[in-house]
Structures are given as structure tokens and as C-alpha cells.
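Trainee: Please find one structure pasted underneath; my questions will follow.
The values are calculated or read from the model by the stated rules, or taken from the named source; none is laboratory data. Remember, predicted model here, so these are calculated numbers, not experimental data. Glycine gets a Cβ as well: all are built from the backbone with ideal geometry, and neighbour counts include every protein chain shown. We work out accessible area using only protein heavy atoms, side chains counted, and drop any ligands, DNA or RNA first. Shrake-Rupley method; radii C 1.70, N 1.55, O 1.52, S 1.80 Å.
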Amino acid sequence: MVNVEQLSTRRPAVSVEELLKGFVPSPRFGEVSFDTYRPDPSQPSQSEAVTLLQGFANGAAKKKPAGGLRKLFGGKAKSNGADKRAGIYLDGGFGVGKTHLLSSLWHQVEGPKAIGTFVEYTNLVGALSFRKTVEALSSYKLVCIDEFELDDPGDTVLMSRLMRELADAGVKLAATSNTLPGALGDGRFAAVDFQREIQVLADQFEILHIDGEDFRHRGLPTPPEPVAASDLDARMRRDFAGRTVAVDDFATLVDHLAGVHPSRYRQLLDGIDAVVWRNVHTITEQSVALRFVVLADRLYDKDVPILASGAPLDQLFTPEMMTGGYQKKYFRAVSRLTALAREAQETAVPAPVG
């Protein structure tokens, strides 16, 4: 028996308090630590990142009084260790463990703190206003920003301003970014843009490039073949027995997302154990595609397996999108959705024999 719901009928109402409570590690990283991170012996930068973050956590545990911005304007930081800096910035390719490390940092620092993606913070500002966001976060000891994105100048300026004001309040900052898939381990794109766009903060940030291979695709196949439309219901009943499953026509779901603020996508998925999409098609409009990327991130955060019919998941976005200015968002979304589709296959209940 499957409990069937539809995301396309949900319109979650979320209070400010509920939005802020959502800035915690996703269930996927709910119990990680520096001890559970497994550095690749062939990539010394991964072990270096653990050491650096552990030192940074010691400094973040003690919130300093306001005035950090004056120190930032005073020139370069004296290199007395990561715990003396305003922030730490991890730059590396998809799936090398940056979110694991950032979540481990969050877990280690006690007191008021927040962790979320770059998009979640920009959505928070959109939902609350810039000033109210600053007021809400200024009392925190640590603010972690995962997947810092530099492909939208407006959002980058917004986030750099937010980070400056939080630093002025004595908040410790930690951020990660993804390099493009064609430059894994290089990191020059993100680091250079980071220093250019956030000039005031850059001198006080410890920037570390984490080298490595995308763990979600080490020796793994391309996305699973879509399920035949005629088999989808039977597969759902077999594979997701006893679970709450959101079953939606893909086109209807995509249209529905336009009417739900992205800051509420996390709540949109509350109580959902798996999703089933009928007739997946390639998204051709950039604004629609960017909204869907946010949904993909929230699905991945909650570790929600996917069954789908229609187009393969690696054809969700047009070739122009996959090579355009937002390409790293789309590569990340495809990578994550592929992992969730594989997960649906791996956790499926075997069909009875005979």
C-alpha cells in the first residue's frame, strides 16, 4: 500500500521562525563529523581541509564583539592560524566532500549558528528583506554558506554585503564553492572571482582548494533508464510500499513551482518519502530551469529517491543551458538527481520470484 500525494497541490505557509529553523544540516549530513570524513590519501588537500576547519572551529566557538568590519578594512590579516580569520572558503569540484566538511564544522561549534546553500540565503533575503536577515543572523556565532555561486552578479553583491555586515557583528563565516566539471581540482575560477567580488573580505578569508574526483560518479553508470509509462504505477507500488509518495505530472509540477517561493521548497517536501514524475521533458526556459535546480537541491538534502518516466534525467536541461553561464547549477542538479534515481533502484524491494 502506498500513500499517494501531489506536490503540485501543496502551498506551504512558513513563518520567519520556521524559515530560520531550516538552516541546519540536511538529513544526509545530520550526524557527520570530521571523524567520519574519509580523506583520499592521494589528495593531501582533503586532509589539510580537516585540519584547517578544526582550527577554525576553535575560533568560531567564541563570538567576538562587533567591529570585525573595521578590522577587515584595516588591511591584510596576520597569519596566526585559521581561527584568527573572519572566514574560511573551500573551493573544489562536485562531490569531493565540501558539504560534509562544512556540516562537520557546524556540528562542532556550539551556540546559535546557521548552515544553508547560497541560494537558500538569497531566498531568505527575498522572503524577509535584507535588513531583517542581517538582524536575524547577527547574533549567531557561525554562518555557513554552501555552494557559493558567482554566476549572478546581483546575488553575489547581495551576499558579499550580507557577509560584510555579519563580519562586522563578529560572526564567523564559512563558505564552499564548486568549480566547473571541466576543471575539477583547479579552483581558479571560483577563487579569483571570489577575491574580485568580495574584495573587503577576501584578505581575511583562508582559501583552500580541495582536489578530488566526483564521488557520485566514480565508476558509476549514466542515469538509469526512465521507467516505461505503462510500468510506472506498478514499480511505485512495488518499490515504495508503505511509504508516502508524491506523484506528479512533470509539466504540472514545473508550473506549480512558479507559485511557491523557493524558500518554501524544503517545506513543500515535508513528509514525502519518494517522488514519482510522469512524462519528464526537457525544460527550455531559464527561469523555470533555475527554480527546478532549487527543488533538486532540496530533494537531495532530504535524500528522496526518484522514479520517473519520459526523458532521461541528463536531458532535463537544454544543451545551451549545460554550456551557458549557469552551467554549474545544472551539472550539480543532474548529478544529484541521478544519484537519487540510482538510490530508488538500490533501495527497491525485489520483485517476487516465480
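Trainee: Please go through the stretch 262-293 and give me each residue that is assigned to a helix (DSSP H, G or I) and open to solvent by less than 10 Å² (accessible area, probe 1.4 Å), ordered by number.
Mentor: Residues satisfying the conditions are Y265, L268, A289, F292, V293.
Trainee: If you don't mind, another one. Quick check on my filter: what residues within the stretch 12-24 are in a loop (DSSP other than H, G, I, E, B) and closer than 12 Å to S263 by Cα?
Mentor: P12, A13, V14, S15, G22, F23
Trainee: State which residue is nearest to Y140 (Cα to Cα) when the search covers only the stretch 31-88 and only residues that are of a type in the set (A, V, I, L, M) and modelled with pLDDT of 85 or more.
Mentor: Among those residues, the one meeting the criterion is A57.
Let's see how each residue does on (1) farther than 28 Å from I210 by Cβ; (2) small (G, A, S):
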site	(1), (2)
Q108	no, no
P112	no, no
Y121	no, no
L128	yes, no
R131	yes, no
E135	yes, no
S139	yes, yes
L142	no, no
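Trainee: I've got another one for you. Return a yes/no flag: does the stretch 316-331 have any residue that is open to solvent by 30 Å² or more (accessible area, probe 1.4 Å), more than 25 Å from A127 (Cβ to Cβ) and touching a Ser or Thr at 6+ places or on another chain (Cβ under 6 Å).
Mentor: Checking the stretch 316-331: not a single residue is open to solvent by 30 Å² or more (accessible area, probe 1.4 Å), more than 25 Å from A127 (Cβ to Cβ) and touching a Ser or Thr at 6+ places or on another chain (Cβ under 6 Å).
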